[in-house]
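The values are calculated or read from the model by the stated rules, or taken from the named source; none is laboratory data. Quick caveat, the model's predicted, so the values are computed rather than measured. Cβ sites come from the backbone with ideal geometry, for glycine too, and all protein chains shown count toward neighbours.
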Amino acid sequence: MKRILVILTVAAGLIGISFTATNSQQKKPWVVPDNFKNMKNPVASNAESIAAGKALYATHCKSCHGAKGLGDGSKAAQLKTEPGDFSTADFQAESDGAVFYKSIEGRDDMPSFKKKIPDADDRWSVVNFIRTLKK
């Protein structure tokens, strides 16, 4: 009986460590260099830019982030990390430069879009569209 109790205690500890490691990996901060944090969006947020950003978002982002940016796209469940929710106040409080940086660098399941969306103005238009995804 004592041996079973020890085995169960060790197993519970290992599960707890595994769960903590997985959660801390998913919630690790995404450090953005200051030059990007302070970068201003050079593309005016107007109907044309938002429409262009929406089309690019539908092609490149929607499958993971979802149509409304809630992180519920068709591929989201297959990812090791949560895609995040663009509609939250915390996300919307990030600077345009920070969002732009994350889109060009990528991390974990999030690919870099430097080559997939090679035109910087197009990437800025995606940022403009993402700004419309508020709760």
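Looking at G53, G69, G84, which is the one that is without any contact (Cβ under 8 Å) to a residue 40 or more places away in the chain and not aliphatic (A, V, I, L, M)? Walk me through it before giving the result.
Working: G53 fails: without any contact (Cβ under 8 Å) to a residue 40 or more places away in the chain; G69 fails: without any contact (Cβ under 8 Å) to a residue 40 or more places away in the chain.
Residue meeting the stated conditions: G84.
What helices (runs of 4 or more DSSP H), lying completely within the range 34-115, carry at least 3 residues that are more than 15 Å from I130 (Cα to Cα)?
Those helices (runs of 4 or more DSSP H) span 34-37.
Tally time: how many residues in the range 101-135 are of a type in the set (A, V, I, L, M), within 14 Å of I50 (Cα to Cα) and out of contact with any Ser or Thr (no Cβ under 8 Å at 6 or more places or on another chain)? Break it down stepwise before answering.
Within the range 101-135, the subset of a type in the set (A, V, I, L, M) is 104, 110, 117, 120, 126-127, 130, 133.
Checking the rest, the ones that are also within 14 Å of I50 (Cα to Cα) come to 126-127, 130, 133.
Keeping just the survivors that are out of contact with any Ser or Thr (no Cβ under 8 Å at 6 or more places or on another chain) gives 130.
Total satisfying the criteria: 1.
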May I ask you to list the residues in the range 81-111 that are charged (D, E, K, R) and over 20 Å from K40 (Cβ atoms)? E82, D85, D90, R107, D108, D109
Among the residues of the range 101-109, is there at least one that is surrounded by 15 or more Cβ atoms within 10 Å (Cβ to Cβ), among the small types (G, A, S) and modelled with pLDDT of 95 or more? no
If I ask for residues that are more than 12 Å from the chain's Cα centre (by Cα) and either closer than 16 Å to G106 by Cα or basic (K, R) (or both), which ones from the range 64-73 would you list? K68
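K116: surrounded by 14 or more Cβ atoms within 10 Å (Cβ to Cβ) and either of a type in the set (K, R) or not assigned by TED's automatic domain parsing to the domain that holds A52 (or both), yes or no?
Working: surrounded by 14 or more Cβ atoms within 10 Å (Cβ to Cβ): yes; either of a type in the set (K, R) or not assigned by TED's automatic domain parsing to the domain that holds A52 (or both): yes.
Taking the combined requirement at face value, the residue satisfies it.
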